[in-house]
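Accompanying notes for the structure given below.
The values are calculated or read from the model by the stated rules, or taken from the named source; none is laboratory data. Computed from a prediction, not measured in an experiment: that's the story for all the values here. All Cβ positions, even for glycine, are placed from backbone atoms using ideal geometry, and neighbour counts span all protein chains on display. When the accessible area is computed, the model is the full protein with side chains, heavy atoms only, and any ligands, DNA or RNA have been set aside. Shrake-Rupley method; radii C 1.70, N 1.55, O 1.52, S 1.80 Å.
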Amino acid sequence: MITNGNSSSNDPDFICDPVIVVHGGAWKIPSDIHEHSALGVRDAAVTGHRVLKNGGSCIDAVVKAVEALEDNPYFDAGHGSVLNEAGEVEMHALVMRGDTCDMGGCLCIKHVKNPVKAARLILDESHHCLLSGEAALTLARQHGLEERPLEYFITDESRKEMKDYKNYSASIHELFDSQDGHDTVGAVALDCHGNLACATSTGGINAQKVGRISDSPIGGSGGFADNNSIAVSTTGHGESIMKVNLARMISMYVEHGMSPQQATMKSLNHMKARVGGSGGAISVDGSGRVGVHFTTQNMSWARVGGKFQNETTYSNDCVQFGTDCTNFRTEKI
Amino acid sequence: MTNNVNDSSNNSDFICEPVILVQGGARTIAKAFLEKSALGVRDATLDGYRVLKNGGSCIDAVVKAVQALEDNPYFNAGHGSVINEAGEVEMHALVMRGDTCDMGGCLCVKHVKNPVKAARLILDESDYCLLSAEATLQVARQHGLEERPLEYFITDVSRQKKKNYEDSRSIQKDFDKRGEHDTVGAVALDCLGNLACATSTGGRNVPMVGRVSDSSICGSGGFADNNSVAVSTTGDGEAIMKVNLARMISMYVEQGMSPQQATIKSLNHMKARVGGKGGAISVDGSGRVGVHFTTQNMSWARIGGKFQNETTYSNDCVQFGTDCTNIRTEKI
């Protein structure tokens, strides 16, 4: 673990400066929501970082960040989820902790305002890793998670997408193959105790079949976390991500000595070559090295702290954010 | 691909001798079930091999083999599945093909006599990789898959197992208890050099309603890529998911390990990292096979292929057993 001379915590267990990276989906972001996407991930990263800065856990931080994106209508998760074939919303989420490799995933869940919190419950309160819709909903209700009617989740944007891309195949082609597409949200974090965690949440792909399960709640596909390697959250064409187990690939390359950035690039290139799928991923390892890469036209992303390959110092007093590889901004927190 | 001089096919596309491996679950097998388990996997392997020998695809072969185990009440899949907390049966299955890395998975399925056939449908007939229970049932019904009432799936053994569990009220300890059933699976290399895997289960004893098994999840319950290996896993499902056992094994093979080395390393990692026991079978494009388990037993069988220290294929007999030492070989 690398320590920064400007330690921000008086915690005797303090090991390292925390890092948080957030993404809002790999797709071709329409020009009218570029700014909303960029600011959305920026705010989510700042929200998550606030938790870390106060000595909070990586798990709390990623859940908080993803919750913010679920509440933001400009992202395909929670409020703003895309519609399935039946005109309803089915959501999926995952939370994984790197200290024990324990995970909680919920799939095809309805009504719950913040699916990432349902995933967190499965992680904390059950012996299981993955629960289907009704089982997840039952658990959510036992713990009093907030619910909303269908109308809450559906936005003008998701209605428009349904109208524009009426069927699933068209959605895939337009939204991912041509580097377009509405997508998943996620976060990864390294806390001051040196623990890693990830969280991913989605409403899936426009016009998907009722009961189609996204990669997002699946450990190894939608996300992965192991203190011995890395925390990852992925986004993009879900079926492709599942076919190659994108998150686990990235983690295994890091286990074998690659940096998060190298591992992410290699894995995404493999996904494109092997199964023709486009996507993106964010990651952070125990040393604070971060990875951000995508093979779609855009991916909204933001980070506080950590370092990219060529950087030499941490930058934990500002948030860096953007929607592509070149136009990114830095603001003081 | 290694060519065996005793080529069994006149197919002009013939590349290699086919291989099939089958597993009937990693656990402690009660004495009363040892023989039935051994014979069950042996027979399933023969079924699958018959498909391969006639030039059939690896996908057809693994589905055939797993179907045989689903129909066999001594295995925790299909007929013989464990009973969940609500007294019902929810089944999970996966089929993956190594040429395209395409897959079909179904979870929490009810009524369908052979969940592996439902998984195959999702692979062949849909744009998706994984479907929930109702969506799977819809696809299954559209294609006329056979259904059975609940009573078909429940056996005296699964009833007894539920009772044992309720009496003991334990979870992790349960896994090594005698009489514990588990997953079934198969991997195959066909004569065209393609790899495939299939896995099927009724879940862990006694699952919560809606608990999703690793067996339907690509990278956990199974994985297949012609560039590396076809794997089917079994054991502590949550542990398998936490480490993505099948994908780990495949990545170690990609990096140059043999299937057997990769399997041993991955299972040891699973034990050390998350405290879970299990087993896996695998085969790569050269016909090298892997069979390893960290539980007391795993019923397994194979035809063709070669273990690390072997030098020739043995495709005229079936090798099978329930542990590492008492292995039988019978001429086909």
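Here chain B carries DSSP beta bridges of which approximately 95% are antiparallel, counting only pairs with both residues inside. Here region B:258-309 has an Rg and Dmax of 11.4, 34 Å, counting Cα atoms alone. Excluding ligands and nucleic acids, what accessible area in Å² is computed for A:Tyr253 using a 1.4 Å probe, to the nearest 10? Spelled out: A:Tyr253, probe radius 1.4 Å, area about 20 Å². Accessible area of B:Ser228 (1.4 Å probe, protein heavy atoms only, ligands and nucleic acids ignored): about 10 Å².
Between A:Arg159 and A:Leu39, the simple spin-label model (points 7 angstrom out along Cα→Cβ) gives 2.3 nm. Remark on A:Val210: its backbone amide H falls under 5 Å from those of A:Glu85, A:Ala86, a criterion applied only to residues 5 or more positions apart or on other chains, H modelled at 1.01 Å from N. Here the gap between B:Ala30 and B:Arg148, fully extended at 0.36 nm per residue and compared with their Cα-Cα distance, gives a gain of 39.7 nm. Considering only B:Phe14, B:Phe153, B:Phe75, give the residue with the highest GNM mean-square fluctuation for chain B, with springs between Cα atoms whenever their separation is below 10 Å. Ranking B:Phe14, B:Phe153, B:Phe75 by mean-square fluctuation puts B:Phe14 first. Each residue of region B:246-252 was assigned a 3J(HN,Hα) from its phi angle through the Karplus curve 6.51 cos²θ - 1.76 cosθ + 1.60 (θ = phi - 60°); the sequence is 5, 6, 4, 4, 5, 6, 5 Hz, with glycine and proline shown as x.
From the square roots a ≥ b ≥ c of the eigenvalues of the alpha-carbon gyration tensor of region A:27-84, which class results: rounded (a/c under 1.5), prolate (a/b over b/c), or oblate? Taking the square roots of the gyration eigenvalues as a ≥ b ≥ c, region A:27-84 is oblate.
Quick check: from the Cα gyration tensor, does region B:1-159 come out rounded (a/c under 1.5), prolate or oblate? Verdict is oblate for region B:1-159. Between B:Asn326 and A:His256, the FRET efficiency estimated from the beta carbon spacing at R0 = 35 angstrom works out to 0.40.
Reducing region A:27-102 and region B:207-280 to their Cα centroids gives an inter-centroid distance of 29 Å. Each of B:Ser286 and A:Ser31 was given a label point 7 Å from its Cα along the Cα-to-Cβ line. The distance between the two points is 5.6 nm. Scattering from the protein assembly as shown was approximated by placing one identical point on each alpha carbon and applying the Debye formula without solvent; log10 I(q)/I(0) at 0.10 1/Å stands at -0.83. Note down the net charge around A:Thr235, summing +1 for each Lys or Arg and -1 for each Asp or Glu among other residues with Cβ under 10 Å from its Cβ. So the surrounding residues net to -3. The HN-Hα couplings worked out from phi for region B:209-223 by the Karplus form 6.51 cos²θ - 1.76 cosθ + 1.60 (θ = phi - 60°) are 4, x, 6, 8, 7, 4, 5, 9, 9, 4, x, 10, x, x, 6 Hz, whole numbers, x standing for Gly and Pro. In sequence order, region B:131-143 has phi-based couplings of 10, 6, 4, 5, 5, 5, 4, 4, 4, 4, 5, 4, 9 Hz under the Karplus curve 6.51 cos²θ - 1.76 cosθ + 1.60, θ = phi - 60°, and Gly or Pro positions carry x. Taking chain B as a Gaussian network of alpha-carbon nodes connected by springs under 10 Å, the highest mean-square fluctuation of the residues B:Gly56, B:Gly235, B:Gly219 belongs to B:Gly56.
Select from A:Thr295, A:Thr184, A:Thr100 the residue whose mean-square fluctuation is largest in a Gaussian network model of chain A (Cα-Cα springs shorter than 10 Å). Judging by the Gaussian network model, the answer is A:Thr100.
By how many degrees, 0 to 90 and rounded to 10, does the Cα axis of helix A:115-125 deviate from the longest principal axis of chain A? With rounding to tens, the tilt is 60 degrees. Computed over neighbours whose Cβ is under 11 Å from that of A:His256, the net charge equals -1, Lys and Arg +1, Asp and Glu -1.
Label-to-label distance for B:Asp124 and B:Asn309 is 4.2 nm, based on points extended 7 Å past Cα in the beta-carbon direction. Entry note, chain A: the mean residue ellipticity at 222 nm calculated from DSSP H runs of n ≥ 4, each adding -39500 (n - 2.57), is -9500 deg cm²/dmol after division by the residues and rounding to the nearest 500.
Given an 8 Å cut-off on Cα distances and at least 6 residues of separation, report the relative contact order of chain A as a percent. Let's see the in-between values first.
Details: 995 pairs, mean separation 78.3, N = 333.
In percent, rounded to a whole number, it is 23.
Assuming a ≥ b ≥ c are the square roots of the Cα gyration tensor eigenvalues, decide whether chain B counts as rounded (a/c under 1.5), prolate (otherwise, with a/b larger than b/c) or oblate. The shape class here is prolate. What is the local net charge at B:Val289, summed over the other residues whose Cβ is closer than 13 Å to its Cβ (Lys, Arg +1; Asp, Glu -1)? With Lys, Arg at +1 and Asp, Glu at -1, the neighbours total 0.
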